[in-house]
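To start, the structure itself, in structure tokens.
FYI, it's all coordinate maths here, none of it is from the lab. Only a predicted model underlies this, so the values are computations on that prediction, with no experimental measurement involved. Here the Cβ is made from the backbone with ideal geometry for all residues, glycine too, and neighbour counts use every protein chain on show.
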Amino acid sequence: MLLHLSLPRLAVAFCHFSLVLSQTYTKCDPLKKSCPPNPALGKSVTFDLTKGPPADWSASKDIKYDSNGGSFTINKDGVKAEIQSNFYIMFGKIEATLKVSPGKGIVSSVVVQSECGDEIDLEWIGGDNMQLQTNYYAKRNPDHTRAGYHPNPNNQNEFRTYTVDWDSDRIIWQIDGETIRVATSAAGNYPQTPSYIKVGNWAGGDPSQNQPGTVQWAGGPVDYSLAPFTMQIKSIKVTDYSTGKQYEYKDKTGNWQSIEAVDGKVNSHNPGDDTETPSTTTTSTTASTTGTPTQTNCGPKESSGATCTNEPSASRKPTPTGTDSSSGGNQAKGTESALTPSDINVPSGASTQGRMQLVAGVACILISALMATF
């Protein structure tokens, strides 16, 4: 029951998430077969990007580092400026201090993603200096009714700290320590497998790289004559709630209880947190048409049709983003040196990607034709 979506916007969302399905793929899917274990962070590490490239991350080669941190710049067609952790966390907290990139069609993002297709998102549209988007889902089952839209004024001009706090019961999103949204596992379709972190800047509005639905969600086509478009990141603190050397899947369920921590323990909550488990209600702070924050509550049946969103300032729907990064530069260690895994699973192309994109394209054409009749 999509209470807030008109048919044209539903078409945009469908086409956008069709692209999501073709982009979210892995080298080895633990839901389908036995896969190598994921290297664990197993502790808390602060990565200071004012000192250079962070250790234990794969980075795009053209990122520049100075006293303001890493400058993630898009200056021409086809460029993507991202870093991706070589380690995984099994529940945990990510705290990123950053300044968002401007530019119509440019998307800044912080993504927590697993090989099973679990995902938690923070995303900013470069043409909107007033809003933050959040989303989450599991097992490559994107659900645009999970999107949240939150007031975040002046995000392109000021450094702020954005937090994702994730355990087996709830996900908390925060801006400068203030909670803007809480989602609970009771709603279903909930991320719960070992995940890596991906942070960066990409051109969602590039028609040569993305489907029409994604271009529209990103605010329209990118005007590269206005480049460069830069996202700045000062630091990223990552806390793994679990411990050990690596995380192994013991079966193909994709449930957190099936994950084993080698030489450690899977902690479903922050080991140092004695607070009570929050209620089974998802609360999302969303942007109203007047700009005044409003509360939208979704109960445990959220996944069966209730919607947690008001309409955004434009027709936009969140997306996971692919990664195609290469290493470059000397690396600066975090405040505590993290693990250096010898073999990692970083998402790469899958043989079915082309077929999925073809199906998505045909579906978009059919829906667009249908919309023309309204």
Handout entry: Cα-Cα over 24 Å, subset of Lys51/Lys99; Lys80/Lys252; Lys27/Lys250; Lys198/Lys234
Key = Lys80/Lys252
Problem - For Tyr65, distant residues with modelled amide H under 5 Å away - result: Ser71
Problem - Spin-label model distance (nm) - Asn68 vs Phe159, 7 Å beyond Cα toward Cβ - result: 1.1
Exercise for the section: Quickly work out the Asp263-to-Cys28 label distance, labels modelled 7 Å from Cα along the C-beta direction, and quote it in nm with one decimal. Expected result: 1.9
Fill in the blank from the handout: In the neighbourhood of Thr179 defined by beta carbon distances under 11 Å, the net charge of the other residues (Lys, Arg +1; Asp, Glu -1) is -1
